[in-house]
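The values are calculated or read from the model by the stated rules, or taken from the named source; none is laboratory data. Note that this is a predicted model, so its numbers are computed, not measured. Cβ coordinates were reconstructed from backbone atoms using ideal geometry, including for glycine residues, and neighbour counts include every protein chain displayed. To get the accessible areas, we keep the full protein, side chains included, count just its heavy atoms, and leave off ligands, DNA and RNA. Shrake-Rupley method; radii C 1.70, N 1.55, O 1.52, S 1.80 Å.
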Amino acid sequence: MTSRRTRERLIERLMDQGICNFQVVSAIRETPRHIFLDEALAHRAYEDDALPIGFNQTLSQPYTVARMSELLLSYGPRRRVLEIGTGSGYQTAVLAQLVERVYSMERIEPLLDKARQRLRLLKHENVFLRHADGAIGWEEAGPFDGILSAAAPEQIPPRLLEQLAPGGVLITPLGGDEQHLVMVYRDPETGEYDMQEIEPARFVPLVRGVLR
Ligand code: SAH
């Protein structure tokens, strides 16, 4: 189930789908996805599918995690990254291997507690977690040269745009019934924002407020 060969097959599939950043590929290869799932689902961990993690939420599909990580690194290495929607902690664990520090926010406390345990098990010491509504960002830890959201807002929360450093890049799904993955780059000289639509997407919605 968690054999090297099963994981290698997933990596081959991602590369077939166009994932080519070597760092991203090796971070996914090194991340044991099965520990982010309940035992009953662990045998499906290396399929390229989104899988349920409770509270109506899902662990992102490996392709999505890979694609978003690749986009995040497309303007060069990132030092401080804000992640909205820790969920299981899987994407967080992948990011922890790719950037200097990851600040990850989750609105559902029981999910965050589980993610915290898993990330401790993997000994990622550059990860900081907070139970809060990610739409307000994490001002004390910012500005961020990367922001990545795993939940789709109808409009990009203004606080996130404010906390994006000049030269920073924000990756998020955007929209309601119809969503697109978008990439916002903040010009290092003018501070202006440039938004690019990447591809159609399907994420859980960004929901305001917190749940205990
Ligand atoms: N990358 C995660 C995906 C989790 S799904 C993984 O690999 O497991 C998206 C997550 O976003 C859910 O856990 C959901 O609770 C969370 N979320 C939705 N709206 C949010 C908000 N306003 N603030 C923080 N987290 C939010």
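Has segment 99-106 got at least one residue that is assigned to a strand (DSSP E or B), more than 15 Å from the chain's Cα centre (by Cα) and closer than 21 Å to residue 32 by Cα?
No: segment 99-106 contains no residue that is assigned to a strand (DSSP E or B), more than 15 Å from the chain's Cα centre (by Cα) and closer than 21 Å to residue 32 by Cα.
Is it the case, given these coordinates, that residue 155 is under 28 Å from residue 38 (Cα atoms), open to solvent by 20 Å² or more (accessible area, probe 1.4 Å) and of a type in the set (S, T, N, Q)?
Values: under 28 Å from residue 38 (Cα atoms): no; open to solvent by 20 Å² or more (accessible area, probe 1.4 Å): yes; of a type in the set (S, T, N, Q): yes.
Judged against the criteria, residue 155 is not a match.
Here are some residues: 27, 40. Which one is within 30 Å of residue 110 (Cβ to Cβ) and either free of Cβ contacts under 8 Å to residues at least 12 places away in the same chain or open to solvent by 90 Å² or more (accessible area, probe 1.4 Å) (or both)?
40 is the lone residue from the list that is within 30 Å of residue 110 (Cβ to Cβ) and either free of Cβ contacts under 8 Å to residues at least 12 places away in the same chain or open to solvent by 90 Å² or more (accessible area, probe 1.4 Å) (or both).
Filter segment 108-147 for residues that are of a type in the set (Phe, Trp, Tyr) and open to solvent by less than 40 Å² (accessible area, probe 1.4 Å); which is farthest from the ligand (Cβ to nearest atom)? Before the answer, list the steps.
Of all residues in segment 108-147, those of a type in the set (Phe, Trp, Tyr) come to 128, 138, 144.
Of the ones still in play, those that are also open to solvent by less than 40 Å² (accessible area, probe 1.4 Å) are 138, 144.
Values: 138: 11, 144: 15 Å.
Top of the filtered list is 144.
Only residues that are within 16 Å of the ligand (Cβ to nearest atom), without any contact (Cβ under 8 Å) to a residue 60 or more places away in the chain and part of a strand (DSSP E or B): list them for segment 183-212, please.
Hit for segment 183-212 is 205, nothing else.
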